[in-house]
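For reference, the structure is listed below as structure tokens.
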Amino acid sequence: MASRCEVPNSHHIPTSKDSPDCAGAYISGDFKLVVGMQYYGFWQGPIYPNITTNHSEFDHHVDCGLGCVFNIRSDPGETNDLALINPGLLTQLRARFFEVNATQWNVPVCPKDPEACQAYVAANDGFFGPYLQ
């Protein structure tokens, strides 16, 4: 199945062994599918961020590979991966993830133009937004 799921790896995170060109998530009902390598994957405390979090460590990677499945209603902390015990659900969610992903629209990347950026901000009460020439 063709996919347009390629995600740039701007954080220099190792790619997933099982899903090297794809990372993302899809929610359907009570279930959430997470695919590929996820960076900064750890559980935070009730007040976050705070001084106890070491933001200099980006080694908290979670490799969901072909998919982790969570019941976000009964397990909102996403600690119990259901993929191994319910492979049919994993297959169903993956199929829909790639179906939806194939219809995504990739926003054109604007060339850096400081003058156009400043003009947009001036014309929009100090707010920045998309601009194309």
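The values are calculated or read from the model by the stated rules, or taken from the named source; none is laboratory data. All values derive from a computational prediction rather than experimental measurement. Ideal geometry is used to build each Cβ from the backbone, glycine not excepted, and the neighbour counts take in all protein chains shown.
If you scan the stretch 19-38, which residues turn out to be in contact with a strand residue (DSSP E or B) (Cβ under 8 Å, 6 or more places away or on another chain) and part of a loop (DSSP other than H, G, I, E, B)?
Ser19, Cys22, Ala23, Asp30, Gly36
Considering only residues that are β-branched (Val, Ile, Thr) and in a loop (DSSP other than H, G, I, E, B), look in the stretch 100-133 and name the one that is modelled with the highest pLDDT.
Filtering first and then ranking leaves Thr103.
Output the number of residues of the stretch 65-85 satisfying the condition of being over 11 Å from Leu33 (Cβ atoms) and free of Cβ contacts under 8 Å to residues at least 40 places away in the same chain.
7
Restricting the first residue to the stretch 40-51 and requiring it to be farther than 16 Å from Pro76 by Cβ, which pairs with a second residue that is surrounded by 10 or more Cβ atoms within 10 Å (Cβ to Cβ) and modelled with pLDDT of 70 or more meet a Cβ separation below 6 Å and a spacing of at least six or different chains?
Tyr40/His60
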